[in-house]
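Chemist: Before anything else, here's the structure in question.
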Amino acid sequence: MFKRLPILMAALLSLSGCVVVPELRSLKTDLPAAWPTQAQADANQPQSLAPDWWEAYGDPVLDALIKEALLHNADLRLAAARIEEARANLGLARATEGFQLQGNLEVDRSRMTQRGSMPMGGNPVHTTYTAQLLASYELDLWGRYRAASDAARAELLASEYARDVVRTSLASTIAQSYFALRALDARRALIEQTRANRLAALELQTLRLDAGVSSELELRQAEAELASLDASLAQTHQAQQQQALALAVLVGRSPRALLEQTLERGQALDALGSPPAIPAGLPSDLLQRRPDLRQAEQTLLASHARLKETKASLYPDVKLTASLGSESVALSDLFSGPAAMWSIGGSILHSLINSGRTQSTLDARDARQTQALLAYEEAVRQAFREVLDALVAHRQARELADAESRRARALAAALEVADLRYRNGLTSYLTVLDAQRTLLQADLNRIDARQAQLQASAALATALGGGWQDDPAKHD
């Protein structure tokens with residue numbers, strides 16, 4: 001019998017020869033050696049950024065808000081639940097590979113007929129007691145169960161990276177929302193300070209008009225400027241409240257907390273730090289540590305493993321079985337020597353005709369592999385584009401902030417000159433109002449530029465997968 005086993009196996013394998021087996025597809029990424037240099041890095045500035053990149057801004061309130069969101073955000077809790085499901089599926093896949101042992105205790109009571117063709121003599125009622133240990137082990141000759149475990153492991157990693165995607169996106173959104181709130185705070189403080197100065201100027205113009213040294217036109221212009229500031233202040237206050245509420249909801253606070261808790265403020269907009277500039281020569285393959293790309297990669301690896309699992313089903317299943325136990329009509333004799341029984345054997349199971357089910361399964365697995373590969377390649381392109389866009393935005397935002405700061409300083413000096421000329425009677429008060437109005441707008445533009453600079457730095461850190469680590473070896 002055993003001499004014919006190879007012949008039998010060969011015959012069974014030959015029946016699978018008509019099935020078209022797809023090939024595994026490999027990843028191909030065409031990345032440049034390094035990112036383009038954006039700026040000359042400061043030698044006194046750190047040349048790396050930790051994964052918790054938001055700590056580089058030096059604001060404890062921002063750190064606390066992100067920490068709170070990472071604990072309470074619903075999307076993150078959902079991602080964690082999916083990880084637990086994937087971990088359980090991996091445990092199930094590994095359990096399928098192992099040795100199986102079952103215990104069986106059985107009591108059977110039956111009555112035999114006494115009027116049949118072969119009547120039983122004596123007592124027709126019988127009781128049988130059985131105790132057995134059933135062992136089985138399927139030989140993974142073709143790697144089917146190994147492939148299933150590999151697929152489950154890749155799916156677990158993909159779910160963990162999916163959680164990291166949510167975490168990174170959530171931290172970036174909160175940081176940018178916080179920067180927008182601090183910018184609105186700065187705008188409100190600037191408008192309130194300007195309003196106080198204009199109110200004092202209005203009172204002075206009233207006195208000058210009463211003294212006959214100023215015209216009514218100048219007074220009415222001062223009143224109009226004050227009313228304009230009141231309108232801007234109301235709009236800014238509304239936007240400020242809306243932004244604070246949106247940030248509190250994003251953090252994950254309850255409806256009661258939204259009403260009872262005030263959102264804390266930390267560092268002023270200009271006091272916030274900035275992540276270090278990207279050092280020259282930073283490798284572009286840093287992009288591949290982005291969690292969304294790792295998720296896409298693990299999804300592709302899972303599809304590879306599932307295809308291998310399906311390919312292994314083309315071959316016969318070889319299973320070894322054994323049983324050991326005892327059977328007796330009396331419970332007291334169940335574990336006696338004469339009641340013992342055992343068996344050992346093996347089986348080869350192979351599907352001969354399944355109406356094309358195997359081929360259809362292979363085609364479906366191949367299609368999923370193609371989808372996963374295309375999704376990964378598209379994710380790489382999109383990620384690279386996001387980084388390039390973030391690099392450009394980061395550079396332009398820094399240059400814009402510098403330009404707006406210089407413009408505001410120049411207009412502040414121009415206002416001093418205009419005010420001095422007015423006090424010496426060389427120009428009208430309308431010239432001073434015009435200089436004040438221009439300076440106010442420049443200061444507001446500077447606040448917007450600072451907000452854009454901070455948000456661009458957060459977007460860059462996010463696009464790079466959460467910070468970067470420079471290679472110290474290239475500086476030796």
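Chemist: Sorting check: for 377-385, 52-60, 261-269, which peptide has the highest mean count of neighbouring beta carbons within 10 Å, and how do the rest follow? Present the calculation step by step, with values, prior to reporting the outcome.
Modeler: Values: 377-385: 15.6, 52-60: 18.3, 261-269: 13.7.
So the peptides 377-385, 52-60, 261-269, ranked by packing, come out 52-60, 377-385, 261-269.
Chemist: May I ask you to evaluate 6.51 cos²θ - 1.76 cosθ + 1.60, the Karplus curve with θ = phi - 60°, for each residue of segment 371-382 and list the ³J(HN,Hα) values in order in whole Hz, giving x for glycine and proline?
Modeler: 4, 5, 5, 5, 5, 5, 4, 5, 4, 5, 4, 5
Chemist: Aspartates and glutamates near LYS311 by alpha-carbon distance under 20 Å, same-chain residues fewer than 8 away left out - which ones?
Modeler: Partners within reach: GLU23, GLU97, GLU138, ASP140, ASP150, GLU155, ASP363, ASP366.
Chemist: How much of the accessible area of segment 171-228, in percent, comes from carbon and sulfur atoms when a 1.4 Å probe is used?
Modeler: Numbers: 1440 of 2720 Å².
Exposed carbon and sulfur together represent 53 percent of the surface.
Chemist: So for each of 158-167, 72-81 I average, over its residues, the number of other beta carbons within 10 Å; can you give me the resulting order with the highest mean first? Each step should come with its number before you reach the end.
Modeler: On the way: 158-167: 20.1, 72-81: 14.0.
Taking the mean over residues of other Cβ atoms within 10 Å, the ranking is 158-167, 72-81.
Chemist: Roughly how many debye, to the nearest 20, is the charge dipole of segment 109-172 about its Cα centre, given +1 on each Lys and Arg Cβ, -1 on each Asp and Glu Cβ, and no other charges? Could you put the intermediate results ahead of the total?
Modeler: Numbers: 8 positive and 6 negative charges, 109 e Å.
That gives segment 109-172 a dipole magnitude of about 520 debye.
Chemist: Which listed residue (VAL251, LEU263, GLN241) has the Cα farthest towards the positive end of the charge dipole for segment 218-273, taking +1 on Lys and Arg C-beta and -1 on Asp and Glu C-beta about the Cα centre?
Modeler: With unit charges placed on the Cβ atoms, the residue in question is VAL251.
Chemist: Can you work out the Karplus-derived ³J(HN,Hα) for every residue in segment 161-177? Use 6.51 cos²θ - 1.76 cosθ + 1.60 with θ = phi - 60°, whole Hz, and x for glycine or proline.
Modeler: 5, 4, 5, 5, 4, 4, 4, 5, 5, 5, 4, 5, 5, 5, 4, 5, 5
Chemist: Sticking with this structure for a sec: So how strong a dipole does segment 158-293 carry about its Cα centre when Lys and Arg Cβ are +1 and Asp and Glu Cβ are -1, to the nearest 20 debye? Numbers along the way, then the final one.
Modeler: Values: 14 positive and 16 negative charges, 108 e Å.
Using Cβ point charges on Lys, Arg, Asp and Glu, segment 158-293 gives about 520 debye.
Chemist: If you don't mind, there's one more thing I want to ask. Rolling a 1.4 Å sphere over the protein heavy atoms, what is the accessible area per residue of segment 159-236, to the nearest Å²?
Modeler: Working: 3660 Å² over 78 residues.
About 47 Å² of surface per residue is accessible.
The values are calculated or read from the model by the stated rules, or taken from the named source; none is laboratory data. This is a predicted model, so every value here is computed, not measured. Every residue, glycine as well, gets a Cβ built from its backbone with ideal geometry; the counts of neighbours run over all protein chains shown. With ligands, DNA and RNA removed, areas are computed over all heavy atoms of the protein, side chains included. Shrake-Rupley method; radii C 1.70, N 1.55, O 1.52, S 1.80 Å.
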